[in-house]
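J.: Supplied in structure tokens, the structure appears directly below.
Please treat every number below as a calculation from the coordinates, not as lab data. As the structure is a computational prediction, the values presented were derived from the model and not from experiment. We place every Cβ from the backbone using ideal geometry, glycine too, and count neighbours over all the protein chains shown.
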Amino acid sequence: MNDLRTPYKTATGLGSAHRGTGNWLAQRLTALALIPLFVWFVGALFLHLFAGRMALLTWLQDPVTAFFIALALATAFYHGYLGVRVVVEDYIHHMVVKWFVLVLLQWLSIVLVLADVYVLIWFTLRAS
């Protein structure tokens, strides 16, 4: 008997899904990407807060600034999605509820990122 699995485990197909490494790596890479993005954002925002309202608005309306803010927000939402997804997969055991929550979580993340990007584009183009 070379197979160490019990007959029940063999019959139910429980075991590794063979995709955990990719999720783990994506979570770590997004965390690493968020460090410089948010250090830049908080530092620049802090410096522009004391320069006056017009300097802050001018900085926020710059396309390069809008790009990096959109990148930071998209990365943060994806990072959050990955983390909450793992929690849902681990702790919700009813398959229909799990599927519904995962689909809702994915769509909510996509809609919020698109809304943020839309607002950034609108705000940047409004200045022109």
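J.: Determine the dipole magnitude for segment 19-126: charges of +1 sit on the beta-carbon of Lys and Arg, -1 on that of Asp and Glu, nothing else is charged, the reference point is the Cα centre, and the result goes in debye to the nearest 20. Each step should come with its number before you reach the end.
T.: Working: 6 positive and 4 negative charges, 7 e Å.
Roughly 40 debye for segment 19-126.
J.: Let me ask something else. Give me the one-decimal Kirkwood hydrodynamic radius in Å for segment 36-128, with the sum taken over alpha-carbon pairs.
T.: 15.1 Å
J.: Same structure again: Along Cα→Cβ, 7 Å out, is where each label goes; now give me the distance between the ones at V87 and L45 in nm to one decimal.
T.: Placing both labels 7 Å beyond Cα along the Cβ direction yields 2.1 nm.
J.: Let me ask something additional. Once phi is turned into θ = phi - 60°, what whole-Hz ³J(HN,Hα) does the Karplus curve with 6.51, -1.76 and 1.60 give for every residue of segment 70-81, x standing for Gly and Pro?
T.: Once θ is set to phi - 60°, the couplings for segment 70-81 become 4, 4, 5, 5, 5, 5, 5, 5, 5, 4, x, 4 Hz.
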